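Chemist: Before I ask anything, let me first share the structure, which is written out below as structure tokens.
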Amino acid sequence: MKDLMLLVAALLTGTVNAMAAEPVPRVSVADAAAIRQVGVGLVDDWNRHDMKSFGSLFADDAQFVNVIGLWWHSRAEIQKEHEALHATRMRTSHLVASDTFVQPLDAGAAVLLMRWQLTGDTGIDGITLPMRRGVMSLVTVRTGSNWKIASAQNTDIIPLPNLPPTGSH
């Protein structure tokens with residue numbers, strides 16, 4: 001039993017050392033700027049209500065989970081669903097992004113995180129709703145010389161009565 005424990009300890013130590021020795025993935029300054037520009041483009045297209053341009057930011061096989069958990073499975077579906085939203089409740093909406101952060105995954109992929117605020121959502125009843133806040137996570141991938149969104153997860157920040165009102169949860 002003692003030999004087995006020593007073997008497990010040695011394997012774990014080797015795994016931890018190998019993990020620690022792996023270099024942290026990096027993207028160049030130019031790539032980080034290009035990845036952030038994808039987020040800028042998303043916000044600009046949203047505010048111009050140009051869902052064709054919005055859709056062009058996504059890879060053909062992109063995935064998108066929206067703030068209520070609807071899951072769209074292609075660039076075409078993402079564009080179509082956003083066109084429907086912008087023809088109705090989002091037609092006067094305005095999106096502002098802040099606190100962007102690029103997390104490299106490898107030389108050809110990175111996550112872009114953005115906090116956002118949305119005004120002008122008229123809801124299904126046509127009555128303007130209060131400002132919403134949220135966080136969007138965009139997995140971006142290099143496609144040639146461009147960066148495209150491969151996966152998006154959008155989350156509303158919903159205040160809970162039993163949590164302190166800080167922005168870092």
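The values are calculated or read from the model by the stated rules, or taken from the named source; none is laboratory data. Keep in mind the model is a prediction, meaning the values are calculated, not measured. We place every Cβ from the backbone using ideal geometry, glycine too, and count neighbours over all the protein chains shown.
Chemist: So for the range 91-112 (the condition being under 21 Å from R36 (Cβ atoms), assigned to a strand (DSSP E or B), among the aromatic types (F, W, Y) and in contact with an Asp or Glu (Cβ under 8 Å, 6 or more places away or on another chain)), does at least one residue qualify?
Modeler: The answer is no, given that none of the residues of the range 91-112 is under 21 Å from R36 (Cβ atoms), assigned to a strand (DSSP E or B), among the aromatic types (F, W, Y) and in contact with an Asp or Glu (Cβ under 8 Å, 6 or more places away or on another chain).
Chemist: Can you tell which of N146, N162 is surrounded by fewer than 16 Cβ atoms within 10 Å (Cβ to Cβ) and closer than 21 Å to A62 by Cα?
Modeler: Of N146, N162, the one residue that is surrounded by fewer than 16 Cβ atoms within 10 Å (Cβ to Cβ) and closer than 21 Å to A62 by Cα is N146.
Chemist: Mind listing whichever residues of the range 60-76 are among the β-branched types (V, I, T) and surrounded by 14 or more Cβ atoms within 10 Å (Cβ to Cβ)?
Modeler: Matches in the range 60-76: V65, V67.
Chemist: Here are some residues: L118, L57, L105. Which one is under 23 Å from S145 (Cβ atoms) and crowded, with 16+ Cβ neighbours inside 10 Å? Don't jump to the end; show me each part of the working.
Modeler: Details: L118 fails: under 23 Å from S145 (Cβ atoms); L105 fails: crowded, with 16+ Cβ neighbours inside 10 Å.
On inspection, the qualifying residue turns out to be L57.
Chemist: Moving to a separate point now. G126 fails exactly one of the following numbered conditions: (1) in a loop (DSSP other than H, G, I, E, B); (2) at pLDDT 95 or above. What is the number of that condition?
Modeler: Failed condition: (2).
Chemist: Can you confirm whether P165 is at pLDDT below 95 and either out of contact with any Lys or Arg (no Cβ under 6 Å at 6 or more places or on another chain) or assigned to a strand (DSSP E or B) (or both)? Quick ask: steps written out before the conclusion?
Modeler: On the way: at pLDDT below 95: yes; either out of contact with any Lys or Arg (no Cβ under 6 Å at 6 or more places or on another chain) or assigned to a strand (DSSP E or B) (or both): yes.
So P165 fits the description; yes.
Chemist: Please specify each residue of the range 22-43 satisfying the condition of being more than 21 Å from T155 (Cβ to Cβ), in a helix (DSSP H, G or I) and not small (G, A, S).
Modeler: From the range 22-43, those more than 21 Å from T155 (Cβ to Cβ) are 22-34, 37; that's our starting set.
If we keep only those that are in a helix (DSSP H, G or I) as well, we get 29-34, 37.
If the condition is that a residue be more than 21 Å from T155 (Cβ to Cβ), in a helix (DSSP H, G or I) and not small (G, A, S), then V29, D31, Q37 are the ones that fit.
Chemist: Could you run through the range 104-145 and say how many residues are within 21 Å of G41 (Cα to Cα) and not hydrophobic (A, V, I, L, M, F, W, C)? Before the answer, list the steps.
Modeler: From the range 104-145, those within 21 Å of G41 (Cα to Cα) are 104, 108-121, 132-145; that's our starting set.
With the extra rule that they be not hydrophobic (A, V, I, L, M, F, W, C), the set shrinks to 104, 108, 115, 117, 119-121, 132-134, 137, 140, 142-145.
Residues in the range 104-145 being within 21 Å of G41 (Cα to Cα) and not hydrophobic (A, V, I, L, M, F, W, C): 16 in total.
Chemist: I'm checking my understanding of the structure. Among residues of the range 33-44 that are closer than 15 Å to W147 by Cβ and more than 12 Å from the chain's Cα centre (by Cα), which one is surrounded by the most Cβ atoms within 10 Å (Cβ to Cβ)?
Modeler: First, pick out the residues of the range 33-44 that are closer than 15 Å to W147 by Cβ: 33-42.
Subset that is more than 12 Å from the chain's Cα centre (by Cα): 33-34, 37, 40-41.
Details: A33: 12, A34: 18, Q37: 15, V40: 13, G41: 16.
If we take residues in the range 33-44 being closer than 15 Å to W147 by Cβ and more than 12 Å from the chain's Cα centre (by Cα), then A34 is surrounded by the most Cβ atoms within 10 Å (Cβ to Cβ).
Chemist: Run N47 past the list (1) without any contact (Cβ under 8 Å) to a residue 40 or more places away in the chain; (2) surrounded by fewer than 15 Cβ atoms within 10 Å (Cβ to Cβ); (3) in a helix (DSSP H, G or I) and report the number of the one that doesn't hold.
Modeler: (1)
Chemist: Further question: Which condition breaks for L113 when tested against (1) surrounded by 14 or more Cβ atoms within 10 Å (Cβ to Cβ); (2) at pLDDT below 95?
Modeler: Against the list (1) surrounded by 14 or more Cβ atoms within 10 Å (Cβ to Cβ); (2) at pLDDT below 95, L113 comes up short only on (2).
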